[in-house]
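Values quoted throughout were computed directly from the atomic coordinates according to the rules given, and no laboratory measurement underlies them. Quantities reported herein were computed from a predicted structural model and do not represent experimental measurements. Using ideal geometry, Cβ is built from the backbone for each residue, glycine included, and neighbour counts are taken over all protein chains shown.
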Amino acid sequence: AITFTDLPPGMPNCLGSPDEMPYEDPRGAFLHGAGILCEIVTGSRDLPFMVMGDQLVLVAYRA
């Protein structure tokens, strides 16, 4: 779960997968969490990497 601090009283302070909706495997849970984190940081759920098998692939270039 991702936990937030310094929120107004009564506001939810964390994000995570509900226990009643577990993921089939760790990969699915990771990709869901990565999407949430990307949305928090960039405003988009687009992931900055590709998944190929059990590896993350990030393509970068220097301008």
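Reported count of residues in region 22-50, each being acidic (D, E) and outside any loop (DSSP other than H, G, I, E, B), is 1. On the stretch given as region 1-50, residues that are out of contact with any strand residue (DSSP E or B) (no Cβ under 8 Å at 6 or more places or on another chain), surrounded by 12 or more Cβ atoms within 10 Å (Cβ to Cβ) and hydrophobic (A, V, I, L, M, F, W, C) total 5.
Yes/no matrix, rows are residues, columns are (1) farther than 16 Å from T3 by Cα; (2) under 14 Å from the mean Cα position of the chain (by Cα):
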{"site": "P26", "(1), (2)": "yes, yes"}
{"site": "F30", "(1), (2)": "yes, yes"}
{"site": "G33", "(1), (2)": "no, yes"}
{"site": "L37", "(1), (2)": "no, yes"}
{"site": "R45", "(1), (2)": "yes, yes"}
{"site": "F49", "(1), (2)": "yes, yes"}
{"site": "M52", "(1), (2)": "yes, no"}
{"site": "V57", "(1), (2)": "yes, no"}
